[in-house]
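What follows is a short report on a single structure.
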Amino acid sequence: MEISGKVIIKLPPQSGVSQRTGTQWMTQVFVIETGGQYPKKIPFEVFGEDRIKQFDIQIGDEATIQFNIEGSEYNGRWYAHIKCYNYTKVGSSAASAAAQQPTPPVQYASSVSQPQPTQPALFPPEQPAHNDSDDLPF
């Protein structure tokens, strides 16, 4: 699944050591707000220090997240988790593609005038004015 919006909240990362395996873990929760007439605020989490650093999620980012929804039970209560596995800043691919485009060469105007293409006249050319001083231009 995926959703697009603007990142509005970045909570501090949480870390610990797994009791089962003894390995360290890190997770961080963010909130993305969708657009439209009825915007939704959706919390999502990124698990793993490497992904947190790789995604480099900042408040104000316009982004698309791809996620899985998982559930877990604790003391007879069920909780839903939105786990982000891919994060793409909106416009980042366009910006990187534009950065990779070669810059067109600059063309300078030469001192030699280029002939302009002729176009048919829409109005007849103006007639020379009479030498009479009391002729009005209208």
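The values are calculated or read from the model by the stated rules, or taken from the named source; none is laboratory data. These figures come from a predicted structure and were not determined experimentally. Every residue, glycine as well, gets a Cβ built from its backbone with ideal geometry; the counts of neighbours run over all protein chains shown.
Of all residues in the stretch 33-62, those being under 17 Å from Y87 (Cα atoms) and either among the basic types (K, R) or under 18 Å from the mean Cα position of the chain (by Cα) (or both) number 14.
Here is the figure for the stretch 44-63: residues that are within 11 Å of V7 (Cβ to Cβ) and either among the small types (G, A, S) or touching a strand residue (DSSP E or B) at 6+ places or on another chain (Cβ under 6 Å) (or both) total 8. Quick one: F30 ticks every box in (1) under 21 Å from the mean Cα position of the chain (by Cα); (2) loosely packed, with under 15 Cβ neighbours inside 10 Å; (3) among the aromatic types (F, W, Y) except a single one, so which number is it? Only one criterion is unmet by F30, namely (2). Here Y79 meets the list (1) modelled with pLDDT of 95 or more; (2) part of a strand (DSSP E or B); (3) out of contact with any Leu (no Cβ under 9 Å at 6 or more places or on another chain) almost entirely, failing just condition (1).
Among strands (runs of 3 or more DSSP E) entirely within the stretch 4-72, having at least 1 residues that are among the aromatic types (F, W, Y) singles out 24-33, 41-47.
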